[in-house]
Structure formats: C-alpha cells, structure tokens
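Asker: My structure is below; once you've seen it, I'll send some questions.
The values are calculated or read from the model by the stated rules, or taken from the named source; none is laboratory data. None of these values were measured; they are calculated from a predicted model. With ideal geometry, Cβ positions are generated from the backbone for all residues, glycine too; neighbour counts draw on all protein chains shown.
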Amino acid sequence: MSRLAESLKSSHSKDGRPLFVLSNKLMKQLAAVSGTEIGYVETPDFPGPPIVPKNKTVVGVKAGLVALFRRISRSSWLFPVLWCYKYLLFAVHLRLARSILRSIRPGALVVAGDRNGGFEPAMLREARAHGVVTIIAPTAFSASVDGLLIARRRDPGYCVTHNHKFKSRFPNQWRHDDLTGEDFSFFGCVTTYAYFAHKMLPNNPWVLGGGLSDWIIVESEYVRSRYIAQGVQSEKILVCGHIDHDEIAKTLQNKNAVRKFVTKKYGLYANRKTVILTLPNWAEVGFKDWDWHWKENEYLCQCATALNCNVLLSLHPSQDRARYAFLEISHPHLRIIDERLAEVLPASDIYLTGLGSSTVPWAVLSSIPTIIADYYPERDPIHTGLPGVLYVPEKAALPSEIDSLIEGEGYFQRMRLAQISSGVLYGRVDGGATERILTAFLTLQPQSIHLSA
C-alpha cells in the first residue's frame, strides 16, 4: 500500500487524491519506515476479557483469576455489556470517519480489504454514504477459508457451534471447520451484532470483496474466477495485476546480473543451486508459542542447509532480523538477505516455504520450482494442484524432496516447465501492473451494486 501511495504522489493533485487506509499494525509499521507520506488514524478497540484455553493448567492465585475470567466469559449478562461498548465505540469511529471524509474530500478510498477490524469498517460505511468510491488494492493473495480458520481455532471467542440463534440469523458469518468439527464465526458474536446494528457488517467476510467495497482489483482472470466462486459479484472485480509482479518482471529482465550480485554479496557457490527459504511467522502473529515456533523453523533450516546447495533466508516483514540473526551462526551455510523477496526470488532456483504463502504466485510466475511444507495440523491447501508446486504432507519426507530437486536435474527441469504452464493463472508479468492499478484508482466510480446495506 505504501509503494502504491508513493507512486501516486506525483501523478495527481492533492485535492481529490485517493486516500489510503492502513488497516493493521504491520501496514502502519511498514509505512512509517518507508518514508512515504501516508496519513492514517489509529483507534483502539476492546476485544473483551481474556479467554483462557480449556486445556491450560494453572495453579495458585492465577488459577483463581483464570476461573473468574472463565465464569465471566460464560455469563449471560456479559454479552449486552460488551455489545453496548462495541456499539458506542463504532459510533465514535463513524463520526470520526465522517469528519475525515468531509475534510479531505478524497477522490477514492483505497483499502487492503473490506473485512478488517479497527477503523476500516467505519471508513467504508461513511464512504458509501458520501458517494466516495472504495477500492480494494491488490496487496496480498486472499486467504482461503481453511487459512482463515487457523486463527479462529485457537480462540474460543469465535466458536459458535452451539449458538443456534446466531447461526440462524447470520448464516454467512460462520463456517464449519472439518478439522475440529466446530463452527466458527468470522468476527465473534459481539462484534458481528455491533457491525450489523451500524450497517457495517460485510455480507460475506470469508472472501475479499464480500463487503462494503465498490471494486476489488485482482491479479488475473484465474483469481477473478476464484473470487466469483467464493461469492464475490463479478461486476465489482477488475483485473489489473499486482505491484509486486512489476518488481518480479524487473528482476527477470536482469536475472543474470541479479544472480551475480547476490552470489558475490552473500558468498555463494556459483556452481550450486540456490534455495530461498521463508519461515512461517507463527509466533509473531500469535498462532503458536515461541518454543514451538523455533523448533519447527529450525527443522526447515536444517533440511535446507544439510544439502549441497546455497540457502538464502528471506524474512517476513513482521519478523525482526535481530531475533533471527543466530540462524546464520547455527547454520553456517545460511544467509539472511537484505533485499525484498520479489527482488531476489526470480534469480534463484528453488523456493521452500512453510505452509501456504501469498508469495507462492511469485515463484510460479518466475518459473521457480516450489516446495511447501504442509505437514502442520493447520493445513491451507490454497495452492494445491499446481504442477510446479510440491506439497510435502509428511515431515520426514521433506529432506528427500528437497534433495530430489537439487540433485535430480531432469526432475528439476520438469518442475520448471510445469511452473511456466501454471504462471498464466496469476497474471501478466509485463511491467505495467502498477500503471494499470494507479489508473483504476483515479478513474473508477462508485457502483450501484452492493453486497450489504
């Protein structure tokens, strides 16, 4: 989002310029360090009392507090108290959003999605009331329902298995989880009811574009058809590409030079294949504790560095480099790169990632054979079926699968050719995606169709 905003700075007058809404903590951090002049409003939100997992064992005074919180969370009087708080909080958000839109008078409202929390729902609601077009920028590949359930399984506050009244009233707001056998809501009951009362509730929050946006910009016709199958109205989907695809195109055009630069900078062996590794940010996003996080990520590093190849580690923006620096010491053949993944990935040979990732399409578009470690309990088969993408469902099989690509040249070349056939699914790599996206920001108009009122 910050790079898109930076690209627009010199292309449009201040009056009527698109307004970007940064909807989560990570986006705000990235914008702050990028030097891009993006204004945003951050408002606190109250999630409710802490919920302690049922299988958590504690003793002493802490045990008494835990028992108290559990009783409070089950109390019938708590729901209306929290609902009133949320209702009043969202009313404040709406008044502030109204004031911002009247003051700035933006030509468009650009958001990362129409199902985020915080201040974004209020901005979307008021933009509709003021006739301001709302556009979802192509900042990431939309997670599947399986991917979204990963976060909700760990918090009992989302579980609505026995809340038949909620499920009957809001059939689009919950999904059944085959892995656990439970039913989970997207927002949680209190927030759902409060959004509904303010007409801020997305009709289908399980897919980007299923809410109060006018348009959603996607990478390709394949992604467009995927969104339509998930319930997004076809009339609101525009295919333009992705800003990262332009960075990939630039790297592909200078692939040999980039490879030579990376080889020299990180002291790689020129005659060996280069594996780029990305580690799941389990602990950073709160999915797992740090002990589990390090144990699983250490295994990925061990599998990659034990073989006859170069290994470059690309960290997610949420991962603090200083925290991961020890990996270069414990794994001497591993180097943490300074560059963004899109700047280096097309000049590598193999892409290895833990679980699914929105960066897998980058590897596909670059014809880089890809291995996804898919042996965790939280499975997300969003990229399954692509011939150049290899899912590894058994942990013990990972080393041999990596070795097959490194040592088996025939197998490696077949995987590369398979990626070429898969690449068309994720759009054009022609260097013109950014310009198409910016043109859309400046020219699209509000639509008369809406998914919820």
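Asker: For segment 348-369, name all the residues that are surrounded by 24 or more Cβ atoms within 10 Å (Cβ to Cβ), outside any loop (DSSP other than H, G, I, E, B) and of a type in the set (G, A, S).
Answerer: A363, the sole residue that qualifies.
Asker: Within the group S400, S367, S314, S404, which residue is at positive phi and modelled with pLDDT of 90 or more?
Answerer: After applying the criteria, what remains is S367.
Asker: Taking segment 317-347 as the search range and keeping residues that are modelled with pLDDT under 95 and hydroxyl-bearing (S, T, Y), which one is nearest to E407 (Cα to Cα)?
Answerer: Going through the qualifying residues, I end up with S330.
Asker: Let me ask another. Can you name the number of the only condition in (1) under 20 Å from the mean Cα position of the chain (by Cα); (2) under 19 Å from G147 (Cβ atoms); (3) crowded, with 16+ Cβ neighbours inside 10 Å that I237 fails?
Answerer: Condition (2) is where I237 drops out.
Asker: Scan segment 334-347 residue by residue and report those that are touching a strand residue (DSSP E or B) at 6+ places or on another chain (Cβ under 7 Å) and not in a helix (DSSP H, G or I).
Answerer: Matches in segment 334-347: L334, R335, I336, I337.
Asker: From the residues in segment 335-347 that are of a type in the set (A, V, I, L, M, F, W, C) and more than 26 Å from D146 (Cα to Cα), which one is surrounded by the most Cβ atoms within 10 Å (Cβ to Cβ)?
Answerer: Selected residue: L345.
Here is a yes/no grid of residues against (1) farther than 13 Å from L279 by Cβ; (2) in contact with a helix residue (DSSP H, G or I) (Cβ under 7 Å, 6 or more places away or on another chain):
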| position | (1), (2) |
| --- | --- |
| E298 | no, no |
| L313 | no, yes |
| A325 | yes, no |
| P332 | yes, no |
| S348 | yes, no |
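Asker: Something else now. Determine whether segment 156-172 contains at least one residue that is outside the structural domain of Y376 (by TED's automatic domain parsing), outside any helix (DSSP H, G or I), more than 30 Å from Y222 (Cβ to Cβ) and in contact (Cβ under 8 Å) with a residue 60 or more places away in the chain.
Answerer: No, every residue in segment 156-172 fails to be outside the structural domain of Y376 (by TED's automatic domain parsing), outside any helix (DSSP H, G or I), more than 30 Å from Y222 (Cβ to Cβ) and in contact (Cβ under 8 Å) with a residue 60 or more places away in the chain.
Asker: From V262, V258, V239, which residue is touching a Pro at 6+ places or on another chain (Cβ under 8 Å) and of a type outside the set (D, E, K, R)?
Answerer: Every option except V258 fails the conditions.
Residue by residue, here is whether (1) of a type in the set (D, E, K, R); (2) outside the structural domain of A396 (by TED's automatic domain parsing); (3) within 24 Å of P361 (Cα to Cα) holds:
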position	(1), (2), (3)
E296	yes, no, yes
L300	no, no, yes
L307	no, no, no
L312	no, no, yes
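Okay, residues lined up against (1) surrounded by fewer than 16 Cβ atoms within 10 Å (Cβ to Cβ); (2) under 17 Å from the mean Cα position of the chain (by Cα); (3) assigned by TED's automatic domain parsing to the domain that holds G131:
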site: P205; (1), (2), (3): no, yes, yes
site: S213; (1), (2), (3): no, no, yes
site: V232; (1), (2), (3): no, no, yes
site: E247; (1), (2), (3): no, no, no
site: F261; (1), (2), (3): yes, no, no
site: Y269; (1), (2), (3): yes, no, no
site: K273; (1), (2), (3): no, no, no
site: I276; (1), (2), (3): no, no, no
site: W282; (1), (2), (3): no, yes, no
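Asker: Sticking with this one: Any chance segment 188-198 includes a residue that's out of contact with any Phe, Trp or Tyr (no Cβ under 8 Å at 6 or more places or on another chain), in a loop (DSSP other than H, G, I, E, B) and either among the aliphatic types (A, V, I, L, M) or in the same structural domain as L438 (by TED's automatic domain parsing) (or both)?
Answerer: There is no residue in segment 188-198 that is out of contact with any Phe, Trp or Tyr (no Cβ under 8 Å at 6 or more places or on another chain), in a loop (DSSP other than H, G, I, E, B) and either among the aliphatic types (A, V, I, L, M) or in the same structural domain as L438 (by TED's automatic domain parsing) (or both).
Asker: Could you give me the residue pairs with C-beta distances under 8 Å whose first residue belongs to segment 384-412 and is surrounded by fewer than 16 Cβ atoms within 10 Å (Cβ to Cβ), whose second residue is assigned to a strand (DSSP E or B) wherever it lies, and which are 6+ apart or on separate chains?
Answerer: Taking only residues 6 or more apart or on different chains, the pairs are T384/Y391; K395/A373.
Asker: Also, I was wondering about something else. Here is a list of conditions, (1) part of a loop (DSSP other than H, G, I, E, B); (2) over 20 Å from R17 (Cβ atoms); (3) in contact with a Leu (Cβ under 7 Å, 6 or more places away or on another chain), and P106 meets all of them except one; can you say which number that is?
Answerer: (2)
Asker: Continuing with the same structure: When segment 118-134 is examined, which residues are found to be surrounded by fewer than 24 Cβ atoms within 10 Å (Cβ to Cβ) and assigned to a strand (DSSP E or B)?
Answerer: V133
Asker: If only one of D178, D146 is out of contact with any Ser or Thr (no Cβ under 6 Å at 6 or more places or on another chain), outside any helix (DSSP H, G or I) and surrounded by fewer than 20 Cβ atoms within 10 Å (Cβ to Cβ), which one is it?
Answerer: The unique qualifying residue is D178.
Asker: Which ones in segment 212-241 are part of a helix (DSSP H, G or I) and within 18 Å of P202 (Cα to Cα)?
Answerer: Result: Y227, I228, A229, S234, E235, K236.
Asker: Those residues that are more than 30 Å from V145 (Cα to Cα), modelled with pLDDT of 75 or more and not small (G, A, S), I need them from segment 64-115; list them, please.
Answerer: Residues satisfying the conditions are V81, L88, V92, R95, L96, R98, I100, L101, R102, I104, R105, P106.
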